[in-house]
Structures are given as C-alpha cells and as structure tokens.
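Written out below as structure tokens is the structure these notes cover.
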Amino acid sequence: MPPELPPLTDDERQTYEWQLWVRGFGEEGQRKLKASTALVTRLGGLGGVVATQLAAAGVGRLILAHGGNLKPSDLNRQTLMTHDHLGKPRIDSAARRLRELNPRLEIRAVEENVSPQNADSLVAQADIVFDCAPLFSERYALNRAVVAAKKPMIDAAVFNLEGQIATIIPGETACLACLYPEEPAAWKRQFPIFGAVASTAASIAAMEGIKLLTGLGTTLAGQMLYFDLGNMRFDRLPAPRRADCAVCGHLPATPSISENP
C-alpha cells in the first residue's frame with residue numbers, strides 16, 4: 001500500500017495556486033510533488049535551472065551534487081550563481097538561492113561531482129534523477145546507478161544552439177548506454193553555449209520530471225527530444241532499447257508507456 005501523501009498547508013495552496021488549476025494536476029499532483037525527492041547533478045546552466053523549476057513547483061526535497069568554486073566564465077548561464085560568490089563553492093550559492101525561493105524546501109547539498117564512488121548512494125536517496133553533468137564519465141556513472149536501482153532519470157545535454165532530453169525508465173526505455181554505447185571521441189569539458197539554450201533544455205527536463213512524479217500528461221519515454229534554436233526546429237526521435245546493452249540489457253522488457261505517438 002503506497003504511503004499517504006502529505007497534506008498541503010494554506011500557504012502552499014496560495015503559493016502553487018496557478019499550477020493547481022492545471023487540468024489533471026490539482027491538489028493530488030501537488031501533494032505528490034511535496035512527497036518527492038529529486039537528485040540534480042551539477043548546478044550549471046542545465047542543473048541550476050532544473051533545480052530552480054523543481055523548487056518553484058514545490059518538490060519537497062532536493063539532493064544537489066556539484067563540486068568546485070565559481071569562476072567568471074560560469075556566470076553567462078549558471079542562474080543560481082552571483083558575482084559576489086566568485087571563488088567560493090558553487091553548491092553554497094545554489095542552496096542559498098533555492099532556499100530564498102522556497103523556504104519550505106529541504107536541501108541536501110553535496111560538494112562533489114558524481115562519480116562511480118558516490119553515484120549509488122546519491123541515487124538511493126532519490127525518487128527521480130536529473131542528469132545535467134557535462135562529462136560522460138559522470139553521466140555513465142549515474143546511468144549505471146539508476147539502472148541498478150530501477151529509478152527514473154531525465155538526461156539533458158546541450159551544445160552550441162542545440163539540446164536534447166531523454167527520459168530513462170529502466171526496464172521500459174533505452175538507458176544512456178543504449179543511446180551512447182561509447183563516449184563520443186570529440187566531446188570536451190568546455191563547449192560553446194548560450195545560457196538561454198541551456199535554460200530551454202532544463203525547463204523541458206524539469207517538466208518531464210514533474211510529469212513522471214505526478215502522472216501528468218505524456219512523457220518522452222521511448223524517445224529523445226532534439227532541438228536546434230538556431231532554426232527553431234524541434235524533433236522527437238526514436239530511442240529504442242538495445243538488447244545487447246552492457247548496462248540494461250539484462251533487465252526483462254516491461255510492458256510500458258515507452259511507445260508514445
């Protein structure tokens with residue numbers, strides 16, 4: 001029997017009033033968000049906006065993982081960072097600003113990037129994972145952890161004026177290793193990007209997570225959303241599972257929602 005959802009306070013009803021009007025969401029959807037824990041890895045141009053949107057929507061608990069100090073080159077896209085925090089840990093600035101936005105929010109701030117050493121423990125604490133890391137080593141570590149734990153993950157990536165979002169549900173959809181069996185040879189830690197491009201991908205990723213957590217609408221499960229803001233083109237591409245995938249191929253196929261129209 002599923003646990004009882006937490007009630008909403010009058011203050012929460014006032015704060016979330018406009019989204020409570022969304023058809024198919026209502027108080028039950030808001031209570032599901034309040035009961036949920038989300039892991040967001042990296043709080044840069046992608047993860048910072050994902051975390052902001054989840055906090056604004058009323059997710060009850062965020063686990064934030066990001067190491068390193070703030071640099072001037074971060075400020076064109078990392079919306080949780082401020083100039084007065086240069087040289088200081090980015091995780092501290094992010095946690096402070098999210099608490100200012102939503103003082104009801106419970107935050108666990110981890111001053112580490114995801115690695116094979118911490119991925120399993122981080123994923124174990126969450127109901128859903130948002131992969132916003134720039135390095136494939138981090139993304140692969142998260143992917144292995146969510147497949148092992150059978151937790152859903154929203155994977156988001158950007159480059160130049162392009163972005164892509166995939167919803168990963170272990171046993172139902174392709175995992176990241178199905179989509180990228182090997183790390184792209186030309187991929188680098190630093191790449192051209194506008195903050196607005198990252199924010200676009202991040203907002204879509206956050207909405208995907210909200211839908212998964214609450215049962216609202218239809219998700220991208222089984223597909224990848226690709227966009228190019230240079231020509232304002234959006235496409236949904238097939239993202240089939242690979243039976244020979246080294247990470248998720250052992251999972252039995254589950255009748256699922258993965259074949260969306």
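Condition check ((1) hydrophobic (A, V, I, L, M, F, W, C); (2) surrounded by fewer than 23 Cβ atoms within 10 Å (Cβ to Cβ); (3) in a loop (DSSP other than H, G, I, E, B)) across all residues:
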residue: Y140; (1), (2), (3): no, yes, no
residue: K151; (1), (2), (3): no, yes, yes
residue: G171; (1), (2), (3): no, yes, yes
residue: A177; (1), (2), (3): yes, yes, no
residue: K211; (1), (2), (3): no, yes, no
residue: A221; (1), (2), (3): yes, yes, yes
- Filter region 85-102 for residues that are in contact with a helix residue (DSSP H, G or I) (Cβ under 6 Å, 6 or more places away or on another chain) and either touching a residue at least 24 places away in the same chain (Cβ under 8 Å) or within 21 Å of A133 (Cα to Cα) (or both) and give the result. S93, L98, L101, N102
- Of (1) acidic (D, E); (2) surrounded by 24 or more Cβ atoms within 10 Å (Cβ to Cβ); (3) touching a Pro at 6+ places or on another chain (Cβ under 8 Å), D155 fails just (3)
- Any idea which of T9, T82, T52 is among the hydroxyl-bearing types (S, T, Y) and touching a residue at least 40 places away in the same chain (Cβ under 8 Å)? T52
- Options V59, V40; residue that is among the β-branched types (V, I, T), in a loop (DSSP other than H, G, I, E, B) and either surrounded by 14 or more Cβ atoms within 10 Å (Cβ to Cβ) or touching a helix residue (DSSP H, G or I) at 6+ places or on another chain (Cβ under 7 Å) (or both): V59
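Let's see how each residue does on (1) at pLDDT 95 or above; (2) part of a loop (DSSP other than H, G, I, E, B); (3) of a type in the set (F, W, Y):
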{"residue": "I154", "(1), (2), (3)": "yes, no, no"}
{"residue": "Q164", "(1), (2), (3)": "yes, no, no"}
{"residue": "A186", "(1), (2), (3)": "no, yes, no"}
{"residue": "A196", "(1), (2), (3)": "yes, no, no"}
{"residue": "A205", "(1), (2), (3)": "yes, no, no"}
{"residue": "R236", "(1), (2), (3)": "yes, no, no"}
{"residue": "A243", "(1), (2), (3)": "no, yes, no"}
{"residue": "V247", "(1), (2), (3)": "yes, yes, no"}
- Is there any pair with a first residue in region 103-118 that is assigned to a loop (DSSP other than H, G, I, E, B) and a second that is surrounded by 15 or more Cβ atoms within 10 Å (Cβ to Cβ) and of a type in the set (S, T, Y) whose Cβ atoms are under 6 Å apart and which are 6 or more apart or on different chains, and what are they? V114/T41
- Here is a list of conditions, (1) over 23 Å from K32 (Cα atoms); (2) of a type in the set (S, T, N, Q); (3) surrounded by fewer than 18 Cβ atoms within 10 Å (Cβ to Cβ); (4) modelled with pLDDT of 95 or more, and Q190 meets all of them except one; can you say which number that is? (4)
- Message: Go through region 40-66 and report how many residues are in contact with a strand residue (DSSP E or B) (Cβ under 9 Å, 6 or more places away or on another chain) and closer than 19 Å to A198 by Cβ.
- Response: 16
- Inside region 120-138, can you point out the residues that are under 14 Å from the mean Cα position of the chain (by Cα) and either more than 20 Å from A202 (Cα to Cα) or outside any helix (DSSP H, G or I) (or both)? L122, A126, D127, I128, V129, F130, D131, C132, A133, P134
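Within the group E106, E100, E111, which residue is modelled with pLDDT of 95 or more and either among the aromatic types (F, W, Y) or in contact with a Lys or Arg (Cβ under 6 Å, 6 or more places away or on another chain) (or both)?
Within the list E106, E100, E111, the selection yields E106.
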- Message: Going through D131, D120 one at a time, which residue ends up being charged (D, E, K, R), under 26 Å from A145 (Cα atoms) and surrounded by fewer than 18 Cβ atoms within 10 Å (Cβ to Cβ)?
- Response: D120
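The values are calculated or read from the model by the stated rules, or taken from the named source; none is laboratory data. Please read these numbers as outputs of a predicted model, since none were measured by experiment. We place every Cβ from the backbone using ideal geometry, glycine too, and count neighbours over all the protein chains shown.
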